[in-house]
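Working notes, beginning with the structure itself.
The values are calculated or read from the model by the stated rules, or taken from the named source; none is laboratory data. This one's a predicted model, so the numbers in the text were calculated from it and none came from an experiment. Note that we place each Cβ from the backbone using ideal geometry, even for glycine, and neighbour counts take in every protein chain shown. The area values use the complete protein model at the heavy-atom level, side chains included, leaving out ligands, DNA and RNA. Shrake-Rupley method; radii C 1.70, N 1.55, O 1.52, S 1.80 Å.
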Amino acid sequence: MGSTNSTLLKIPNVEVLMQETGFSPAHIIRLHDRFKALDKEGRGHLCPHDFGAIKELAMNPIGDRIIGAFFSPGKETVDFHTFVKILAHFRPVDKDRPKEPNSPEPINSRSNKLKFAFQLYDQDKDGKISRDELLQVLRAMLGMQVTDEQLESIADRTIQEADLDRDDTISFEEFRKACKHKRFTMFRFCIRPGERKLMLTLCHWSSELQDQHEL
Amino acid sequence: MEGAWEIAFVFFQVWLSIVVGLIMLPAMFGVSLGFTDIYIKVLVKTLEWATLRIQRGQKEQAALPSQSANGIIEKDDGSMQEEIGELRRSHPKNLAGGDFTLCDAFYFCKKGIENIVEDQVTQRFTSEELASWNLLTRTNNNFCYISLRLTIIWGLGVFIRYCILLPLRITLAVIGLSWLVIGTILVGLLPSSNVKNWLSDLVHITCYRICARGLSATIRYHNKENRPKKGGICVANHTSPIDIVILANDGCYAMVGQVHGGLMGVLQRSIVRSCPHVWFERSEMKDRHAVAKRLKDHIADKTKLPILIFPEGTCINNTSVMMFKKGSFEIGGTIYPVAIKYDPQFGDAFWNSAKYNMVSYLLRMMTSWAIVCNVWYLPPMTRQDGEDAVQFANRVKSAIAHQGGLVDLSWDGGLKREKVKESLKEEQQKMYSSMIIGSDFNEASLSLLLSVSSPDDPSAPVKGSGGL
């Protein structure tokens, strides 16, 4: 039974999108509204500049990297589908999802979440976090608050702890093991589709009219 | 042909006399004939009915989302330290409270993604979403066709608003503004005296009352005993230029602002003849000391009207109060805070200056149902000892936000147009680095203690252990 909501109908291939990402129709509509709000010039796609306009993201030390994660290498724009697919990483893990051997891994699986985080470090996408890449992230997060030496010693210590095969880089497997014990409840948001109750509060400008309907 | 002109003329005379007799004259004397009350009551009943219909319609069409005013993400509102501590708690080495771990980046990543989906600042510069449709096309975002009856009522609403109310309101606005210009020029011809001041107040108030009727504005003033007095500064949250009309309906204020050209310029030049307002040239605005001095001189003179200032500096959408610029709080003098809260159900008063210019904004105002708002006068505040201007500004801002039921934000409204300052990013970096370096320092000082405790090594480097 398809929803007759006109917004959903405007989005192409929305059924496929919901299937792949696991978002409900309400979530998709909400994300679409947000996409349109960010796309101020109404072009139908976002560019890095549109993300940069989000003030709180501009304040985030690794904000540039997060924005970069939305754009595949070489592409300057991101359309709604890609936008939603990337945000799908952050949905809570579906605990009741049956493990079918043939179906593709859901986007919000633990492994895919880790891969996303890994790519924040591994900017050249060679599958390993080199010492340089680690230093870059550290510098981004700490800014000018620490000296180069302190930075190097932190990087050395981190690699020492995590690098199990002693190749001076952190592979994805080693990254996974280092974060093994982390509780991934930190890595989620869930969208409240909006209350069913309609709160109608009218201006109380005479006491007789003071109604608050909760339907 | 002649007959048609005569009929039109008669019609026009009748129209004008209705407007003058039934609306303008009572407005000038502050008397209400009750038309607006009845109108609002009818409107309320109609909107209630419409909401019930929409609600019923939505139940029949399954799973249509209604807007949530509370945000769309479940956020963990912990501080950076709490959340990173949570992340690290299950770390095998149990290095809670210090040292870098690879998963620290998750915290920033999560915050970043949350902000991409929903942030606190951008949404304040667009109109507030309504929980239910108020039969205006402009707020019809996600509401679709429900029933024929609803559409008919909506159509009727369009007719009433555009064909009946709009001409009426435009007439009133024109009368009001021309009366302001003419009246103030006439009063300006008089020599300075108490009579002149009294007349000037009269002209101003009557004009603003006519303009308020021109917007079908229903204003409720609370705590009138705290009304701003002469020699004080009145401070309010800013949603639109209409705020001035709203406040000036109940008192006389001296306006502060930049000199404009065009119609605004004419208004400015004429009203300054009858009583002193503070108009700045564009070049003067840049010199903060000159500005402060002029304002100080104005409030030092106890015969002059209280100054009206909007410290946010820009229009916000009436769901929150943003950072108050400290300039007005450095002058000294008593601050009279005022909170203004519009009811969005009857018409959205927010001026989105990026989207609409002044004329189209006013047209939108005049084709809304009505402007309904509450104005609270708060008790006067002065700067306390040991409080600097920024803290004082924040104190006033919190009081206004609390009274008006608005969210108190410390973001700068100027971010509407400007970029985020680097210093904000540095603050984040500072907070994070204090978590990391804290432990490093502990290790260093531990080794220092160990080396100093053995007196055999006089060449041990002595590091200062000042706190971070």
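Taking B:Asp412 as the residue in question, decide whether it is touching a residue at least 12 places away in the same chain (Cβ under 8 Å), in contact with a strand residue (DSSP E or B) (Cβ under 8 Å, 6 or more places away or on another chain), within 14 Å of chain A (Cβ to nearest Cβ) and buried (at least 16 other Cβ atoms within 10 Å of the Cβ). The answer is no for B:Asp412.
Here A:Asn112 passes the criteria (1) free of Cβ contacts under 8 Å to residues at least 40 places away in the same chain; (2) open to solvent by 60 Å² or more (accessible area, probe 1.4 Å) except the one numbered (2).
Are any of the residues in region B:362-372 modelled with pLDDT of 90 or more and surrounded by fewer than 23 Cβ atoms within 10 Å (Cβ to Cβ)? There is no residue in region B:362-372 that is modelled with pLDDT of 90 or more and surrounded by fewer than 23 Cβ atoms within 10 Å (Cβ to Cβ). Among the residues of region B:1-58, those that are among the polar types (S, T, N, Q), under 30 Å from the mean Cα position of the chain (by Cα) and closer than 22 Å to B:Leu172 by Cα comprise B:Ser32, B:Thr36. Of all residues in region B:323-382, those satisfying the criterion of being closer than 27 Å to B:Asn394 by Cα, of a type in the set (S, T, N, Q) and in a loop (DSSP other than H, G, I, E, B) are B:Thr334, B:Asn352, B:Ser353, B:Thr382. With respect to A:Glu149, is the statement that it is surrounded by fewer than 15 Cβ atoms within 10 Å (Cβ to Cβ), more than 8 Å from chain B (Cβ to nearest Cβ) and at pLDDT 85 or above true? In short, yes.
Among (1) out of contact with any strand residue (DSSP E or B) (no Cβ under 7 Å at 6 or more places or on another chain); (2) among the polar types (S, T, N, Q); (3) more than 23 Å from B:Gln403 (Cβ to Cβ), there is one condition B:Ser240 misses while meeting the rest; what is its number? The one condition B:Ser240 does not meet is (3). Checking the structure you have, find out if any residue of region B:394-405 is more than 23 Å from B:Arg220 (Cβ to Cβ) and part of a loop (DSSP other than H, G, I, E, B). No.
The helices (runs of 4 or more DSSP H) located wholly in region A:22-86 that include 3 or more residues which are of a type in the set (A, V, I, L, M, F, W, C) and closer than 16 Å to B:Ile113 by Cβ occupy A:25-38.
Filter region B:415-435 down to the residues that are part of a loop (DSSP other than H, G, I, E, B) and either more than 9 Å from chain A (Cβ to nearest Cβ) or open to solvent by 90 Å² or more (accessible area, probe 1.4 Å) (or both) and list them by number. Across region B:415-435, the qualifying residues are B:Arg417, B:Glu418, B:Lys419, B:Lys421. Per this entry, B:Val278 is counted among residues that are touching a Leu at 6+ places or on another chain (Cβ under 7 Å) and open to solvent by less than 30 Å² (accessible area, probe 1.4 Å). In region B:183-199, the residues that are closer than 12 Å to B:Arg273 by Cβ form Cβ pairs under 7 Å with partners that are open to solvent by 100 Å² or more (accessible area, probe 1.4 Å) and part of a helix (DSSP H, G or I), at six or more places apart or across chains, as follows: B:Thr184/B:Arg273; B:Ile185/B:Arg273; B:Gly188/B:Arg273.
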